Protein chains: 2
Amino acid sequence: MVTIDDSKVPNFIVIGAGGVGVITALSLCIRSKSNVSLVVRSDYDHVREFGYQIESCDYGSFTNWRPDHLYRKVEDASKSGTFFDYVVVTTKNIPDGPVSSRVPVIIKPVMESNHYLNAKRPTNVCLIQNGIDIENDILEAFDKNLYNLSLLSGIQLIGSTKTGEGIISQVGQDHLSVGAFDHDDSHAVAAAHAFVDMYNNSGHNIVNYDPNVRYSRWRKLLYNAAINTTTALVGLDVPRCLEFAKDKKSTEEQIFLPAMKEIIALAKSENIELEEEYAHHFVNFSRDIMFKPSMCIDCEKGQLMELEVILGNPLKIAERNGVSTPVLSILYNLLFLTQSSLKEKNGLLKFDESKARIV
Amino acid sequence: MVTIDDSKVPNFIVIGAGGVGVITALSLCIRSKSNVSLVVRSDYDHVREFGYQIESCDYGSFTNWRPDHLYRKVEDASKSGTFFDYVVVTTKNIPDGPVSSRVPVIIKPVMESNHYLNAKRPTNVCLIQNGIDIENDILEAFDKNLYNLSLLSGIQLIGSTKTGEGIISQVGQDHLSVGAFDHDDSHAVAAAHAFVDMYNNSGHNIVNYDPNVRYSRWRKLLYNAAINTTTALVGLDVPRCLEFAKDKKSTEEQIFLPAMKEIIALAKSENIELEEEYAHHFVNFSRDIMFKPSMCIDCEKGQLMELEVILGNPLKIAERNGVSTPVLSILYNLLFLTQSSLKEKNGLLKFDESKARIV
């Protein structure tokens, strides 16, 4: 393998090869302005041999598609001798999950190898993930100056699913907003602009520079904190949640909108003004689209949910800022039980029925 | 078949042959002060031929046990020529279920046949069921004077389950309180006292006359409205709900106790004083008993829950009396979706995904 450390073409490593990650890698490859590595955990052997089979509403059909490099593990990539200018994380963000699945632990091998290969060259970590305050775990784990770290935020709206081994079905156009978590960090701002350029396939996907990442994350949280959470508790897609309500109204009027108003109040306590019309927009937007949000799917598949970054972190802000959140708190406390139940099913938590206690 | 219409021994018909109904019939038979008919729907052919196999912590083991009479349907009983002095309903109370499963519809054949056989002889209807305001549906359907109707309330605490065809396992002692829904109805009060005597197997079960039925129903509602509901939403037994909580406290402090305080406030608005210590009692009582309450079991089995009598009716009272119930309302609105989902699975509600609407 030829290492391209000294090339002028930036090296990307995309970590997380689900529906989102593969389309992210594909979009970068099609643009051809970067060298793209993809970490493919479970499907590695299959993809190595047969490549991906992709049906993409943005780019058409592909068989036997591979990015420039494939790795089974982040550790393998860290031993390749490649300096990764962009570390793009497209895994779920589950800080209460097993240690090995936490984002700082996941990216550590390439953070260390980058630091070892060239301590002066910047490493841009871009988190294409849900939630609020997800940057804090990274900044706590990696000293910004020591690792020459710039932290980028990606917010993606996309309908893309891995439907089988090496098979990706993208049915909803890729909308990606990228910006700096800290808009005073000029290097991160420049890196975000460069990312947008290297990701932009005009006429296919939609990508834009996001000057106010925190605003965008809070806006997306309107949907995730109110709608995604509810669907997970009741195991229904969004149209059914709206239509199955008492008088066809209670879900919207008694759960979704009150929860969203609490998010608006929370954002306001952080000096972020979310327009209330977005709340209505999200409800009306999702009324006719047969869609099960991620937390609902996670429950069905028996996987942990992104509960802490979607509700746990906002509720910490509520406590800090003294904002009342009766609806969000109940949703959180109920889903905390669901999450514990998922942890038990995944062997991450043990309950002794004879003692009726966690052991 | 000999009709015993003119006998001095009162005739009971127990409707609903689940874990509760069969032990109810057994208790009456063992006391031998009444003539007991049981309506056995799904297990009729089996029980007719082989009788019940019962393991009872109150009464020991039985094989080939049968009450005095068995009927496949209430209609069959209504054609027997028997006047049923006591119509004991041990089915679930699901007013939003299919019409044929609603309590007034279920008992109508024997109400009519009693009326036809002897319009002057009193019919005592005893509802051994959960919930608040369950008497209203009966009083609306049957004119009290025309049907010479007395309405009795039974509140049962029992651990008894039908574990197979004709097989009953009773593991928790039967505690039954019986009283008149209207304590000014002297006939109903007398009938309740008589019921207690005919049900009392001293040293085996525990049965008492309940002078304040409404108080007892609200007290039991503390458990059902807060704990039963929560377990249904998260699919966990009670000890797990308590132990899996955030800091092992959030379920108790943020869901169970706040919900119970709302029930206490609701009861107070109806001039019923529930002592707050009962709330703590119910939580502590259930901490070490591995038990999945009825609504949780119903969800698992794909059966409709007693949602309307446990939460729907209390919330109507909240609206009427202007009592704030933020926690109960969210639990109700979430469970309303779960109930709709169960209705869809049972073919009682149709959703057209192409229109994203109920049709």
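By per-residue mean of other Cβ atoms within 10 Å, what is the highest-first order of B:233-245, A:281-293? Working shown, then result.
Numbers: B:233-245: 22.7, A:281-293: 16.0.
In descending order of packing, they fall as B:233-245, A:281-293.
Please state the charge dipole magnitude for the protein assembly as shown, taken about the Cα centre, from unit charges on C-beta atoms (+1 on K and R, -1 on D and E), reported in debye and rounded to the nearest 20.
Values: 72 positive and 90 negative charges, 148 e Å.
Around 720 debye, computed over the protein assembly as shown.
For B:E353, the solvent-accessible surface computed with a 1.4 Å probe is close to 100 Å², ligands and nucleic acids excluded.
Please give the FRET efficiency for A:H183 paired with B:M290, using the beta carbon to beta carbon distance and R0 = 41 Å, rounded to the nearest 0.05. Once rounded, the FRET efficiency stands at 0.15. Buried accessible surface for the A/B pair, both sides summed and rounded to the nearest 100, is 3600 Å² with a 1.4 Å probe.
Membrane-span-like helices in chain A, defined here as complete DSSP H runs extending at least 27 Å along the helix axis by their C-alpha atoms with mean Kyte-Doolittle hydropathy no lower than -0.5, are A:326-345; this is a sequence and geometry rule, not a statement about a membrane. For chain B, the share of accessible area belonging to carbon and sulfur comes to 50 percent (1.4 Å probe, ligands and nucleic acids excluded).
Based on alpha-carbon centroids, what's the gap between the stretch B:73-97 and the stretch B:262-300 in Å, whole number please? Centre-to-centre distance over Cα atoms comes out at 29 Å.
Using a 1.4 Å probe and counting only protein heavy atoms, arrange B:C29, B:C296 so the residue with the most accessible area comes first. The partial results should precede the final answer.
Numbers: B:C29 30, B:C296 0 Å².
I get B:C29, B:C296, largest accessible area first.
For the stretch B:11-211, the antiparallel share of DSSP beta bridges with both residues in that region comes to about 35%. Compactness check for the stretch B:215-345: Cα Rg over 2.2 N^0.38 Å is 1.00.
Stokes-Einstein, applied to the Kirkwood radius of the stretch B:11-211 over Cα pairs at a viscosity of 1.306 mPa s and 10 °C, places its translational diffusion at 95 µm² s⁻¹. The per residue volume of the convex hull around the alpha-carbon atoms of the stretch A:1-109 is 102 Å³. Ranked from shortest, the separations from the 7 Å Cα-to-Cβ label point of A:G51 to its equivalents in the other copies are 7.6 nm.
Among the DSSP beta bridges whose two residues both lie in the protein assembly as shown, what percent are antiparallel, rounded to the nearest 5? In the protein assembly as shown, approximately 35 percent of DSSP beta bridges are antiparallel ones. If R0 is taken as 25 Å, the Cβ-Cβ distance between B:E276 and B:L157 corresponds to a FRET efficiency of 0.75. In the stretch B:222-256, which residues give up 40 Å² or more of accessible area once the other protein chains are added, compared with their chain alone (1.4 Å probe)? Listed by number, the residues meeting the 40 Å² cut-off are B:L233, B:V234, B:R240, B:E243, B:F244, B:K246, B:I255.
Rg and Dmax of the protein assembly as shown, both derived from C-alpha coordinates alone, stand at 31.2, 106 Å. In nanometers and ordered shortest first, the copy-to-copy spacing of the B:N212 label point, defined 7 Å from Cα toward Cβ, is 5.8. Taking a straight line from the alpha carbon of B:K261, these aspartates and glutamates sit under 14 Å away, with near neighbours fewer than eight places off in the same chain left out: B:E252, B:E253, B:E273, B:E275, B:E276, B:E277.
Suppose all protein chains stay in the model; what accessible area per residue would a 1.4 Å probe give for chain A, in Å²?
Numbers: 14820 Å² over 359 residues.
Computed with neighbouring chains in place, this is 41 Å² per residue.
When the alpha carbon gyration tensor of the stretch B:101-200 is reduced to an equivalent ellipsoid, the three semi-axes, largest first, read 26, 17, 13 Å.
When only the Cβ of Lys, Arg, Asp and Glu is charged (+1, +1, -1, -1), the dipole of chain A relative to its Cα centre reaches about 500 debye. In nanometres and ascending order, the distances from the B:S32 label point to those of the other copies are 9.8 (point 7 Å from Cα along Cα→Cβ). In chain B, the alpha-carbon atoms span a convex hull of 151 Å³ per residue.
The values are calculated or read from the model by the stated rules, or taken from the named source; none is laboratory data. Being a predicted model, the structure only gives us computed values, none of them experimental. All Cβ positions, even for glycine, are placed from backbone atoms using ideal geometry, and neighbour counts span all protein chains on display. With ligands, DNA and RNA removed, areas are computed over all heavy atoms of the protein, side chains included. Shrake-Rupley method; radii C 1.70, N 1.55, O 1.52, S 1.80 Å.
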